[in-house]
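Here's the structure, in structure tokens; my notes come after.
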Amino acid sequence: MRELLYVPVIHVDSDMGSIASDIDKRSANICGEEQWKRHKQSVTIFWDKIEEYFKKLDAGNLKIYQDGLLADGELGQKIIEEGALRGSRNFRIILDLMGKGGEIRKTEDVKLLKEEYNRILKLAQTKSLWERATAYIGYRIHKDRIMEERDQFVAATINGTLKEKETGVLFMGAFHEVVQHIAKDINVKEVKNIQKVRDYFKELISGKNRDKFDQLTECLIADVVNSALVNSGQWTVDSKNH
């Protein structure tokens, strides 16, 4: 049996590179300054809990798959090290796992990532209302297709490279649907409940239900207790899992 730990990634400024400032301003405008500030504080605690979980994990036979990772070997290690130096909590955790014996594996297709990044860059940096609207329409038209193709590629990579009796970990954005493409003989365990992370973001943006948002925030920053299990398409979720 093969096993895959699934971490729904919440990106921070250091993951965004040159467009971080533009995205931060746009997000604060959408959510409100106070709500966005609270969100960033919650994300810091979220990563604290993820880091605590992986520090206790035996990484000697762990195979690491990462959102956006285009290479393994020396180049892949350099990418992880540079990301960790920029302050990426995600990459710092991976670097620590590598130090304990974990092995990174090429996860993504460069062509798909480049297309997605260019569209996001254009959307983030446009100034005029007309350019912004045009960029947004173009992004929305192609977003679902690109994400679906990326999810299929990542799943196919895991299906083809994760061997019998190996444990892998996938760090992937919370709104990706990689799980549905994972082979049925791979047990997928959610380190954090993916759907609750998605619901958190929906409430963050809508701002309609403060009580629900508070509850989802508590789930987001809670300790990692048990993992939700997806086995051969069947979902089994421990009631303690956040």
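The values are calculated or read from the model by the stated rules, or taken from the named source; none is laboratory data. Model, not experiment: these values are computed from the prediction. For neighbour counting, all protein chains shown are included, and Cβ atoms are generated from backbone atoms with ideal geometry for every residue, glycine included.
Would you please name the residue that is nearest to Phe175 (Cα to Cα), looking only at residues in region 1-44 that are modelled with pLDDT under 80 and of a type in the set (D, E, K, R)?
Step by step, filter region 1-44, then rank; the result is Asp15.
For region 176-193, which residues satisfy the criterion of being surrounded by fewer than 21 Cβ atoms within 10 Å (Cβ to Cβ) and in contact with a Phe, Trp or Tyr (Cβ under 8 Å, 6 or more places away or on another chain)?
Once the filter is applied, which keeps residues that are surrounded by fewer than 21 Cβ atoms within 10 Å (Cβ to Cβ) and in contact with a Phe, Trp or Tyr (Cβ under 8 Å, 6 or more places away or on another chain), region 176-193 yields Val179, Lys189.
Considering only residues that are of a type in the set (S, T, N, Q) and either within 18 Å of Gly160 (Cβ to Cβ) or not in a helix (DSSP H, G or I) (or both), which ones fall in region 60-90? Can you show your working first?
First, pick out the residues of region 60-90 that are of a type in the set (S, T, N, Q): 61, 66, 77, 88, 90.
Those that are of a type in the set (S, T, N, Q) and either within 18 Å of Gly160 (Cβ to Cβ) or not in a helix (DSSP H, G or I) (or both): Asn61, Gln66, Ser88.
Run Ile50 past the list (1) closer than 22 Å to Glu190 by Cβ; (2) touching a Ser or Thr at 6+ places or on another chain (Cβ under 8 Å) and report the number of the one that doesn't hold.
(2)
Condition first: in contact with an Asp or Glu (Cβ under 7 Å, 6 or more places away or on another chain), modelled with pLDDT under 95 and closer than 20 Å to Gln152 by Cα. Now tell me which residues in region 87-121 satisfy that.
Leu112
Could you tell me which numbered condition Ala135 fails, if it satisfies all but one of (1) part of a helix (DSSP H, G or I); (2) at pLDDT 85 or above?
Ala135 satisfies every listed condition except (2).
Could you grab me the full set of residues in region 148-177 that are without any contact (Cβ under 8 Å) to a residue 60 or more places away in the chain and assigned to a loop (DSSP other than H, G, I, E, B)?
Scanning region 148-177 gives Phe175, Glu177.
Out of (1) touching a residue at least 24 places away in the same chain (Cβ under 8 Å); (2) within 25 Å of Glu148 (Cα to Cα), the odd one out for Ile79 is which?
Going through (1) touching a residue at least 24 places away in the same chain (Cβ under 8 Å); (2) within 25 Å of Glu148 (Cα to Cα) one by one, Ile79 breaks only (1).
Taking the condition of being under 26 Å from Glu51 (Cβ atoms), assigned to a loop (DSSP other than H, G, I, E, B) and at pLDDT below 85, how many residues in region 205-237 meet it?
Residues meeting the conditions: 4.
Here's a check for you: in region 92-119, which residue that is free of Cβ contacts under 8 Å to residues at least 12 places away in the same chain and not hydroxyl-bearing (Ser, Thr, Tyr) is nearest to Trp47 (Cα to Cα)? If you could, list the steps in order and put the result at the bottom.
Initially, region 92-119 is screened for residues free of Cβ contacts under 8 Å to residues at least 12 places away in the same chain, giving 99, 111, 114, 117-118.
From what's left, not hydroxyl-bearing (Ser, Thr, Tyr): 99, 111, 114, 118.
Values: Gly99: 19, Lys111: 29, Lys114: 27, Asn118: 27 Å.
The selected residue is Gly99.
Every residue in region 37-58 that is more than 19 Å from the chain's Cα centre (by Cα) and assigned to a helix (DSSP H, G or I), please.
Lys37, Arg38
Could you please give the count of residues in region 65-96 that are of a type in the set (Val, Ile, Thr) and farther than 21 Å from Val225 by Cα?
2
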